[in-house]
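What follows is a single structure, written as structure tokens, with notes after it.
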Amino acid sequence: MAFQGSLRELPLPDVIQLVSVSGKTGVFNLKHGTDSGRIFLRKGQIVHATAGTLVGEQAVYELARWSEGDFNFTPDAETETVSVEKSNTNLLMEAARQIDEWKILSKKIPSTKLVPVFAPQASRVSVSFTPPEWAVITKIDERRSIDEIAAALGLGAFEVCKVIYGLLTSGVLDLREVLWHLPLDGLRERSASELASLAEQIHRSAGQQLSGVDTSGSDLEAPLRLCRAEMEAGRPVDAIVDLIRAVEKLVSAHGGPNQAKSFLERAAGILRAR
């Protein structure tokens, strides 16, 4: 028998404990706005989870952080994939620790949809960056949201927010609202050929949009070449995001902000199509 409800009324950790005690096998499907996730149980034990581009333990922690949304449990649904090795007890304990820490982070970072930008005084700040900080800084282009940076690095938003929190505190970064959020859910589940096709469609869409516009001095093929190289290097999600952002800059430079927004809308539609 299916089991469903609201995460506002019944937090996910409580739901998982309730179902796991009964030793059931099945899958939780979760939805929060445009975001979605799945957690598979086998005889009450979590064995696999996905949340956007995250897989395994990081996906469980991400989903456990949701305070709103809906869930439903479908019994007897199975998966051959095993991405979680920890016991439910250890998983939920770590999830609880992260939820407590998130309460502190959220005072400076109210949403992972915000875009990190370099603060005006950043050039005058004297700090030494750690490897995790450098990794995040290299992905900041003042267009990517925190979620997109996390996806590009293959990390959970929580881990990236911990780094950004420190950079906000030291005066290196500020946050601003993002006008468009790319739907990255499910990209890691697509095959290499599907991702390559997405890249071609996005690039072709930009070419059509710039048709008849003087683009002298710009190489529209360069972002696609870089995208292909990143895909071959095993960074498909990063490749797609980098392609969109690079092409967006070209479209904005030659067609203006309205054309750039239109391109992002087209790219988002391509990513949503199955």
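The values are calculated or read from the model by the stated rules, or taken from the named source; none is laboratory data. As the structure is a computational prediction, the values presented were derived from the model and not from experiment. All Cβ positions, even for glycine, are placed from backbone atoms using ideal geometry, and neighbour counts span all protein chains on display. Calculation scope for accessible area: heavy atoms of the full protein, side chains included, ligands and nucleic acids excluded. Shrake-Rupley method; radii C 1.70, N 1.55, O 1.52, S 1.80 Å.
Within straight-line reach of Lys86, meaning a Cα separation under 16 Å, sit the following lysines at least 8 residues removed in sequence or on another chain: Lys43. When the solvent-accessible area of the stretch 99-141 is split by element, carbon and sulfur atoms take up 59 percent of it, the probe being 1.4 Å. Bridgeable lysines around Lys162 (alpha carbons under 18 Å apart, same-chain partners fewer than 8 residues away excluded): Lys103, Lys107, Lys108, Lys113, Lys139. With contributions of -39500 (n - 2.57) from each DSSP H run of at least four residues, the per-residue ellipticity at 222 nm computed over the chain stands at -15000 deg cm²/dmol.
Helix 12-21 and the long axis of the chain differ in direction by around 40°, with both axes built from C-alpha atoms. Couplings 3J(HN,Hα) of the stretch 62-72, computed from phi: 4, 5, 5, 6, 5, 9, 9, x, 10, 9, 9 Hz, in residue order, whole Hz [Karplus 6.51 cos²θ - 1.76 cosθ + 1.60, θ = phi - 60°; x for Gly and Pro].
Between the C-alpha center of the stretch 112-143 and that of the stretch 41-90 there is a gap of 32 Å. Look at the dipole of the chain built from charges on Cβ: of Trp102, Leu220, Ile137, the Cα furthest out on the positive end belongs to Trp102.
Under 5 Å between amide hydrogens, built in the peptide plane, is the criterion, and for Ser83 it picks out His48, Ala49 among residues at least 5 positions away or on other chains. Going by accessible surface with a 1.4 Å probe and the largest first, Met93, Met231 read Met93, Met231.
Put a plus charge on the Cβ of each Lys and Arg, a minus charge on the Cβ of each Asp and Glu, and nothing anywhere else: the dipole of the stretch 69-200 about its Cα centre is then about 820 debye. What percentage of all Cα-Cα pairs in the chain are separated by more than 33 Å? I get 29 percent for the Cα pairs in the chain exceeding 33 Å. Accessible area per residue was computed with a 1.4 Å probe on protein heavy atoms; Arg144 scores about 10 Å². Compared with the dominant Cα axis of the chain, that is its longest principal axis, helix 236-255 is turned about 40°. The mean accessible area for residues of the chain, using a 1.4 Å probe and ignoring ligands and nucleic acids, is 50 Å² per residue. Between 0 and 90 degrees, rounded to the nearest ten: what's the tilt of helix 257-272 against the longest Cα principal axis of the chain? Here the helix axis deviates by roughly 40 degrees.
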